[in-house]
1. Which of (1) on the phi > 0 side of the Ramachandran plot; (2) under 18 Å from the mean Cα position of the chain (by Cα); (3) more than 9 Å from every other protein chain (Cβ to nearest Cβ) does B:Cys309 not meet, given it meets every other one?
2. Residues that are free of Cβ contacts under 8 Å to residues at least 12 places away in the same chain: list the strands (runs of 3 or more DSSP E) wholly contained in segment A:137-226 that include at least 2 such residues.
3. Against the definition (buried (at least 20 other Cβ atoms within 10 Å of the Cβ), closer than 23 Å to C:Met1 by Cα and at pLDDT 95 or above), how does C:Leu87 come out, yes or no?
4. How many residues does segment A:240-275 hold that are crowded, with 21+ Cβ neighbours inside 10 Å, more than 8 Å from every other protein chain (Cβ to nearest Cβ) and without any contact (Cβ under 8 Å) to a residue 12 or more places away in the chain?
5. Scanning for something at pLDDT 95 or above, among the basic types (Lys, Arg) and farther than 27 Å from A:Pro18 by Cα, does segment A:115-128 turn up at least one residue?
6. When the residues of segment A:1-45 are filtered to those that are within 13 Å of chain B (Cβ to nearest Cβ) and in contact with a Cys (Cβ under 8 Å, 6 or more places away or on another chain), which remaining residue is surrounded by the most Cβ atoms within 10 Å (Cβ to Cβ)?
7. Quick check on C:Gly129: is it at negative phi, modelled with pLDDT of 95 or more, not polar (S, T, N, Q) and not in a loop (DSSP other than H, G, I, E, B)?
8. Tell me the residue from A:Asp176, A:Asp168 that is surrounded by fewer than 17 Cβ atoms within 10 Å (Cβ to Cβ) and either assigned by TED's automatic domain parsing to the domain that holds A:Gly118 or not β-branched (Val, Ile, Thr) (or both), please.
Amino acid sequence: MIYSPFPMRVVSKREEAPGVNTLKLEFVREEDHEFFKAHYRTGMFGLYGIFGEGESTFCVASPETRKDAIECTFRHSGRVTSTLANTDAGDIVTFRGPYGNRFPIEQFEGRNLLFIAGGIALPPTRSVIWSCLDQREKYRDVTIVYGARTVADLVYKHELEEWKRRDDVRLVLTVDPGGETPDWQDHVGFVPTVLEQAAPSPENTIAVLCGPPIMIKFTLISLQKLGFEQENVYTTLENRMKCGVGKCGRCNVGSVYICKEGPVFTAAEVSGMPEGDL
Amino acid sequence: MTRILLKQRLDDCIAAWQKAGYRVLGPVKRHDMSSFDEVQKASDMDLDLILTERTIKDHFFPQTEPLIRYKIGRQQIDSETMTPPEIKRVFFGVRPCDASGLAIDDPLFGWDYRDDYWFRRRENSVIVAIACTRADDFCMCTSVKLSPDSTEGADIMLRPLANGNGWQAEALSAGGAALLDTVSPMLQEDSSEAAPVPVVAAKFDVEKVMAWLADKDNFESQFWKEISLRCIGCGSCTFLCPTCHCFDIQDEGDTYSGIRRKNWDSCSFALFTMHTSGHNPRNVQSTRWRQRIMHKFNYYRGKFGVNSCSGCGRCTRQCPVDMGITETLQAISNLPR
Amino acid sequence: MGIQEQYRSEAAAMLSSGEVKLVIGFGAGSTADRRRPVFARTAEETGKFVLDPACIANLTTYLVSGGLLSDGKKVAIFLKPDSIRSLNILISESQIRPEQVVIFGYAIENGEIMPLSGRSISDFTEIGGRIRSATPPPAVLQEAEQIEAMSPAERFEFWKAQFSKCIKCYACRQACPMCYCKRCIVDVNQPQWINTSSHTLGNFEWNIVRAFHLAGRCAACGACDRACPVNIPLRLINYRMGKEVKEAFNYYAGECSDQQPVLASFSQDDPETFIL
């Protein structure tokens, strides 16, 4: 029945950064898992919940190439996320989804990929990154530009190490000025600035960009300066959600319902949306 | 010659429908408010009302709908999906604006994901509409290209006879035909004329409105601030509207168990779009008013081919500050080109 | 000249001179008997103002919504005694600075309208006397007496039937000048004190909480009662709460703007031994 969630068991919890946790969830019922495997593509989101508290919306941070479990990463900020952050392995939570549209990664094949993310927005990007790295031969150069306010706020620290060690991935890490530790070896500066310094070529390149609205705004300007066409830049939008299936009337930006026609959009599509509704 | 139902046979019809397993609901005035509620006989109903204060939407999309009953436990899941009651109902005396409200909302509740809370109720209900013979200053069905005898959403249309003795009866759907069959002994062939429908002059030019709303330059127009200055964000217009469908999902209970519910919500409320971060895309009333109008006459039409308004006029009729959508749409129609 | 013309021209003068940034008054409504709130920012917009016995709404709610007075400028507003009473309450609760409000006062008696003299709140000293000597409308008294004659069980059934209509639209809250909380108790979700569902419990919770939150603060203006789309007789609840406060504390809210809020202030010689 619509609005009925799947029960999920917490397999593990990992603290990524202060206030930010990743939960790995497995399906309790095999038929729910089959449904997920049949429908999930990278970019889609879900409503993660706990009975008695409610549901909260975030992306599925695990890639479409690894569907044995669901990983989600979130900041502990409200009623539901606080309770989720306090779960332990073995606890039961709920998942409703996967909903929304997807990154059309088959259209990225044979092209260079540029991933840009800021802070807590790495999770949706990470889903695409692994979907591509798990099929590495289909894509050409892979560049990841990721920044956070401070070193502590970088998420997926182990994976960042892994990407750094790979010679088929170029990783550009940065923290905001003042956020570096004494032994910080990578860049210092805001993501748009560091991006312009890294100067990736727009030639045959798809950019995937996720971050807080202010970072997206300035990064889009930088990408434009670097010569990227808006149709080749993908981003995700988020909004307050409740139903996730286009009925509660809450998540629209202009005429576009983020839960049904998003959350993945090209920069061209976003520029057609009314900014006053964002 | 058409089939007619005389008023004096209405009690027999109600009895026949109840015998066939239907609950019969009609317009009633109870506790100082008019709405649709269960009736046992014709005299329970107030069929002279121009329209009821509450809409029949309440019976298809209730203010609070239990979705899931749950018990709270950390390591086990104990939940039971709750489904709407499968009760057969006849809605007798529905005005065309209310009936069309149901038809307008059908595509939304069926948009890819089927909301069975809505559809099971729709499938188990028969809508018997009665065409209007009177209108008041707030009615605006004709402005949204409907009419006092529009058949949208109705299974049966009853047209009041000019002599006041009853109605012409016409089945509009298979469900309507089946319902009329259950009372065919109560109907008779007659050539009595139907009363004329009231002339409801159009209050605004809806084509002009839609064109103005579709122009992206008008999204940030000062018009929105000017027109919505007196709106107090009370939400009554959305709650009494036959087509408004926004809702919230809330878990309600104690530390041991509870029910997850779907409750009405309103885009006019200040916290409707508030993010947990504190960012609120629509944090002033004018942006919320704009959303209401754009949704009804632009976004909804773009997705489902119909405006999300049946012209009933309730929004203005009971707005505490005499607002409602009519004035806004008139103002847009009257804007200089 | 009549009161309407007099106030229109004064309002126009105040806007032209820049003394006030906005004038809030009444204008013609969508039907002949309706009036609606109208906002004038220029002298010529004051031509829209209408002032007659149909102008009964309480406009003070606009003074505390949307941060209207947060820029420190002055606003002129058309108020009748119950609205002036609301203004007194808001000032005594530190929500409005009295120097920011210019009042065009009027009273409606026996279907006639007359001006009240005074422009600043401190001029309206007779409001306290008016409140103390005013009698509620006979219809309200009659309805209240009928309920007071009921047994507790009958009263409960009466209110259960009335509250069953509640759809949690919160129009009562939005229309009320005294409901100015930035985050109303029903909007708090950690924890969710009041259910948003409109079943019997949820409806009682909301209506009773609101009645108590307004006890000793209600100006009896009727805005909530008129706003309620499902015709719940909120006037009766507020009338009764007002009566209780008067009997317990000999207190009428809104008599003057430096009154101490009755349930939010206490002194050493209070008869109660504890703050509750």
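1. (1)
2. Values: elements: A:142-148, A:170-175, A:205-210.
Passing ranges: none, list empty.
3. Details: buried (at least 20 other Cβ atoms within 10 Å of the Cβ): yes; closer than 23 Å to C:Met1 by Cα: no; at pLDDT 95 or above: yes.
No.
4. Counting residues in segment A:240-275 that are crowded, with 21+ Cβ neighbours inside 10 Å, more than 8 Å from every other protein chain (Cβ to nearest Cβ) and without any contact (Cβ under 8 Å) to a residue 12 or more places away in the chain gives 1.
5. Scanning segment A:115-128 turns up no residue that is at pLDDT 95 or above, among the basic types (Lys, Arg) and farther than 27 Å from A:Pro18 by Cα.
6. Filtering segment A:1-45 for residues that are within 13 Å of chain B (Cβ to nearest Cβ) and in contact with a Cys (Cβ under 8 Å, 6 or more places away or on another chain), the one surrounded by the most Cβ atoms within 10 Å (Cβ to Cβ) comes out as A:Leu25.
7. On the way: at negative phi: yes; modelled with pLDDT of 95 or more: no; not polar (S, T, N, Q): yes; not in a loop (DSSP other than H, G, I, E, B): yes.
Spelling it out, it is not the case that C:Gly129 is at negative phi, modelled with pLDDT of 95 or more, not polar (S, T, N, Q) and not in a loop (DSSP other than H, G, I, E, B).
8. Numbers: A:Asp176 fails: surrounded by fewer than 17 Cβ atoms within 10 Å (Cβ to Cβ).
Going through A:Asp176, A:Asp168 in turn, the sole match is A:Asp168.
The values are calculated or read from the model by the stated rules, or taken from the named source; none is laboratory data. Everything quoted here is computed from the prediction, not taken from an experiment. Using ideal geometry, Cβ is built from the backbone for each residue, glycine included, and neighbour counts are taken over all protein chains shown.
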